[in-house]
Amino acid sequence: MLTKGCILLIEDDETFRSFLQTILEDEGYEVRLAGDGREGDRVLAGESFDLVITDLKMPGKSGLELFRETRQDPGSPPFIFLTAFGTVDEAVSAMKEGAVDFLTKPLAAPEALLSLVARTMESQTRNRTFLSLKEAEAAGLPPEELVFAGQVMQTLRKMVYDVAATTANVLVCGESGTGKELVARTVHLLSPRSRLPFVALNCAAIPENLLESELFGHERGAFTGALQARQGKFELAAGGTIFLDEVGEMPPAVQAKLLRVIQERVFERVGGRKEIKADVRIIAATNRHLEDEVAARRFREDLYYRLNVFPLLLPPLRERLDALPALVDFFLQRFCRQLNKKLQRIEPEVLRAMRSHPWPGNVRELQNVMERAAILAHDCIRPEHLPESLFTHQVLEKPGGSRDMLRSMEREMIVKALQKNRGNRRLTADELGISRRTLQYRLREYDLIGET
């Protein structure tokens, strides 16, 4: 179930605590409980929250002490205090130190609490969005306008914003090179977990016998070569987001262990017995049709439904060609900076060729094409700076072009490149301007495995 946010409620009066919990949960918030400041401190250390609502005065550690201890942490949640009339002055002082607000006990009406909580959550979302996108830009990631460039991406953009504020698992689907990891990072950067780690793992890039250790870590002596204990990706992502790319490549034994993590929110390191809490949001990605994998019994149906809580389908570049000018300009400026060049112009023939190309490698292929062109060009980018593959499909601009013709021509182009490079797939991929993974995908699609 999607929630409006996760709140830690700290109150030593059990009756009043239960009353507040009911109000907040009925409004759609997820609520964790603590009976005093010390317990609240322990809960805060193990989980991430969007908001803390705490009594100002409590036996042992007070809410005010807890606030002062945690407020220096950049990732700490906002605080709302509950206070009796006699301690209002202290609550006002806490607001001067950075607390959001306070409410006096007993509550005059539940609406006062719900209104304050809603305003606080909305303010937090705005602040996180602004800061996170600035951080993404500083880290060299494309600006949001580029990630969602093109008219067909606008619905997806809204869906990303909607799901980012929740705790739901997300499954990003799309062809290789469409930007699945960028979308996953955007979901994380817009989420309440944005100040905590984003940890990515390509499930297809890790040997099957090492994937479990990469995910969950291992204890010393767990297997040959395990000379010391090591944290896995789930531990490294604690409180944040783990991105499982190419999840369709995950072997069945590891699928079963991942399912347990999702269901029970705990795991053990390889060779260990201690249960470790998994406070992690999972975003998975695949270029496979997982429904077909489930039908073929290569992917667990129960795991598929656990991951596919909120699917995001990324369209291929050929279906959003209106984004080409913005993407081309972005990559041109990026590579000009890297190469210390000033290339201010792209000849019209270049863009015409790009609009006619099917872009089997999608945005990643476009990036490779632009880098190659920027390296070869000296004043402006001309057709001769592009791979020959971009001109193979010019005929498709004529009336009568079809998807079958496109596929036939693409297959012929791959065969010729393979023959020219004597079956060397790395050289073939370089000549075609696509990644080796995309080439491998096309070889399977066109039944060219073993072609030389």
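The values are calculated or read from the model by the stated rules, or taken from the named source; none is laboratory data. Note that the structure is predicted; figures quoted are calculated from it, not measured. Reconstructed Cβ throughout: ideal geometry from the backbone, glycine too, with neighbour counts over all protein chains shown. Keep in mind that these areas ignore ligands, DNA and RNA; they rest on the heavy atoms of the full protein, side chains included. Shrake-Rupley method; radii C 1.70, N 1.55, O 1.52, S 1.80 Å.
Some values worked out for this structure:
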{"quantity": "Neighbours by Cβ (under 8 Å, 6+ apart or cross-chain): first from the range 352-378, in contact (Cβ under 8 Å) with a residue 40 or more places away in the chain and of a type in the set (A, V, I, L, M, F, W, C); second open to solvent by 50 Å² or more (accessible area, probe 1.4 Å) and part of a loop (DSSP other than H, G, I, E, B)", "calculated": "Ala353/Phe391; Ala374/Lys341"}
{"quantity": "Helices (runs of 4 or more DSSP H) wholly inside the range 258-348 containing at least 1 residues that are over 19 Å from Leu171 (Cα atoms) and of a type outside the set (Ser, Thr, Tyr)", "calculated": "324-339"}
{"quantity": "Test: residue in the range 364-376 that is in contact with a helix residue (DSSP H, G or I) (Cβ under 6 Å, 6 or more places away or on another chain), at pLDDT below 90, open to solvent by 10 Å² or more (accessible area, probe 1.4 Å) and on the phi < 0 side of the Ramachandran plot", "calculated": "no"}
{"quantity": "Qualifying residue in the range 50-67 (condition: at pLDDT below 85 and closer than 21 Å to Lys277 by Cα)", "calculated": "yes"}
{"quantity": "Hits in the range 75-106 (condition: open to solvent by less than 30 Å² (accessible area, probe 1.4 Å) and free of Cβ contacts under 8 Å to residues at least 24 places away in the same chain)", "calculated": "Leu103"}
{"quantity": "Unique residue being of a type in the set (Lys, Arg), open to solvent by less than 70 Å² (accessible area, probe 1.4 Å) and at pLDDT below 90 when the list is Arg422, Arg334, Arg437", "calculated": "Arg334"}
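The rows are residues; the columns are (1) touching a residue at least 12 places away in the same chain (Cβ under 8 Å); (2) aliphatic (A, V, I, L, M); (3) open to solvent by 30 Å² or more (accessible area, probe 1.4 Å); (4) under 13 Å from Ala118 (Cα atoms).
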residue: Asp13; (1), (2), (3), (4): yes, no, yes, no
residue: Arg42; (1), (2), (3), (4): no, no, yes, no
residue: Ala45; (1), (2), (3), (4): no, yes, yes, no
residue: Thr54; (1), (2), (3), (4): yes, no, no, no
